[in-house]
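The values are calculated or read from the model by the stated rules, or taken from the named source; none is laboratory data. Please read these numbers as outputs of a predicted model, since none were measured by experiment. Here the Cβ positions follow ideal geometry from the backbone for every residue, glycine too, while neighbour counts run over all protein chains shown.
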Amino acid sequence: MNGAESLVQTLTDQGVDICFANPGTSEMHFLKALENPKMRSVLCLFEGVCTGAADGYYRMKDAPASTLLHLGPGLANGLANIHNAKRASSGMVNIVGEHSAAHLKYDPPLMSDIDGLARPLSHWVRRVESAGAVAWDVATAVAKASEQPGQIATLILPGDASWQEAGEVATLPRAQAVAKLPDTARIDHVAKVLRSGEPALIILAGRSTRARATELAGKIKAATGCRVATQFFSSRIERGAGRVTVERIPYAVGQALDYLKGFKHIITVETTEPIAFFSYPDKPSLLKAPGTSVHTLVEIGEDGVAGLEMLAHALGANATPAVFQPRGDSTPPNGALTPASIAQALASALPENCILVDESLTTGRETMGLTVGAAPHDLINNMGGSIGYGTPVATGAALACPDRRVFCMVGDGSAMYTIQSLWTQAREGLNITTIIFANNSYAILKAEYANMGAGAPGPRALAMIDIDKPRIDWQAMATSMGVPSVSVDTAEAFHQALVDSAREPGPSLIEVRL
């Protein structure tokens, strides 16, 4: 057994049975080792799709996937979505090919500082020293990626460590990640704060936005009169009819300041206090009002459900019923496409237990509050802000949950970063509906231009924001990659396209002309 075969066998022994791959010459032995029937290998046409798909897979499975990236440039191509995954606490194991040790001294054209590229966005980086060390290194990488919160593990695999003999692979213990329990003193302190009756807001994040955690938070809210919210972006929220609805702190600084100004206490669960996404002239970075106290109930990496259970017990709130979201109006919309009619179409058409990946930026920012009464579903947001995450994350989510329909909402500017995802979706027959909001511009930047105090954009600035010359032909793009598509320009046509896409297996694309 060579080093590459040892690597793949150890990955599968450790429970990592999918690899999002974009291989090159130095990884040919790894490619051959992927013939292992226990490993599902998924070809992606760009490394940013590989790393984004691994992020989406983790968000739905709570278990890491692996990627195969070609040397330093391949890793560099994947870094933007590794950044997003790190901010979302998504674990992944990145396997990065490298030249053989004997070849590096000649400074070949693709030689680079892979360790230096990997380290800023990885929690753990190791360079394999020999084929015999591969199994131990891989097991350590998987253990690191499986920690709570999830970690980014990067393993650099030189060509000679891949093709040389590794010997027999030892059966190593499988990684078992256990979240820490919150400190009881913090629980007692927060219980005292909530008993005071002063206005308080509990902010949920991490795994505390799943249904069990939000129900517990709903009980605490009903018992104490506090309010419950999430940050504007969350890695995954279980929401919709039959679940406890939590508020959402606004994105815009002015709106967020207004929302938070009435609270005397902010209580954090697996997150930090609210901060502005960007720095703006004459606007604060910290969004809480002066005099507001911040209290940590559950630190990042601790067990949020356990912390909320402990708090509910301390408050005697276990028997207090939470208020569950009723099913909203499911009447299909008609007329013009607006943020409200788009949200109404989604609320009406989303099937039960679907997954909604949101990278719609301008269009979706004001509409998600209107879909809280839709059929129960999971919502995934971009935690890191690097665009081009939506279609790759949807790809990984669909592979993690093949029995669930995935809807991916993305702006046309963002979609162009990683549109290669469509090809992988077609090749794998994934149940994904990609919704392209085609306003032919980076519309969010027009608003940010004003928010930054730059005034109204002139013709040269607009030329750097508009993408309508030439206009992107989304249906032709989808057809070229084997994905059926439709273009809509009314609310009723959008609703019907959503319903139709959910009836047919495999991927589809809806161009929403705004």
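General remarks:
- Restricting the search to helices (runs of 4 or more DSSP H) fully inside the range 370-447 and requiring at least 3 residues that are out of contact with any Ser or Thr (no Cβ under 8 Å at 6 or more places or on another chain) and in the same structural domain as residue 470 (by TED's automatic domain parsing) gives 390-400, 421-428.
Here is a yes/no grid of residues against (1) closer than 12 Å to residue 95 by Cβ; (2) touching a strand residue (DSSP E or B) at 6+ places or on another chain (Cβ under 9 Å); (3) among the aromatic types (Phe, Trp, Tyr):
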position	(1), (2), (3)
16	yes, yes, no
19	yes, yes, no
43	no, yes, no
46	no, no, yes
56	no, yes, no
63	no, no, no
68	yes, yes, no
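- Meets criteria (closer than 16 Å to residue 188 by Cα and part of a loop (DSSP other than H, G, I, E, B)) for residue 317: yes
- Residue within the range 324-339 that is surrounded by fewer than 14 Cβ atoms within 10 Å (Cβ to Cβ), of a type in the set (Lys, Arg) and on the phi < 0 side of the Ramachandran plot present: yes
- Of all residue pairs spaced 6 or more apart or on separate chains, those with beta-carbon atoms under 7 Å, a first member in the range 457-478 that is under 13 Å from residue 438 (Cα atoms) and a second member that is charged (D, E, K, R) are 467/412; 472/412; 474/511; 475/511.
- Identity of the residue in the range 344-364, touching an Asp or Glu at 6+ places or on another chain (Cβ under 9 Å) and assigned to a loop (DSSP other than H, G, I, E, B), that ends up modelled with the lowest pLDDT: 364
- From 302, 270, residue being on the phi > 0 side of the Ramachandran plot, buried (at least 18 other Cβ atoms within 10 Å of the Cβ) and either touching a strand residue (DSSP E or B) at 6+ places or on another chain (Cβ under 6 Å) or among the small types (Gly, Ala, Ser) (or both): 270
- Within the range 467-484, the residues that satisfy the criterion of being closer than 17 Å to residue 512 by Cα and charged (D, E, K, R) are 468, 471, 473.
- Pick from the range 91-131, criterion out of contact with any strand residue (DSSP E or B) (no Cβ under 8 Å at 6 or more places or on another chain) and among the small types (Gly, Ala, Ser), ranking: nearest to residue 150 (Cα to Cα): 116
- The set of residues in the range 465-498 being of a type outside the set (D, E, K, R) and loosely packed, with under 15 Cβ neighbours inside 10 Å consists of 470, 476, 479, 480, 482.
- Condition check for residue 152: of a type in the set (A, V, I, L, M), in contact with a helix residue (DSSP H, G or I) (Cβ under 6 Å, 6 or more places away or on another chain), at pLDDT 95 or above and crowded, with 20+ Cβ neighbours inside 10 Å: yes
- Scanning the range 201-225 for residues that are of a type in the set (Gly, Ala, Ser) and farther than 18 Å from residue 299 by Cα yields 211, 218, 222, 223, 225.
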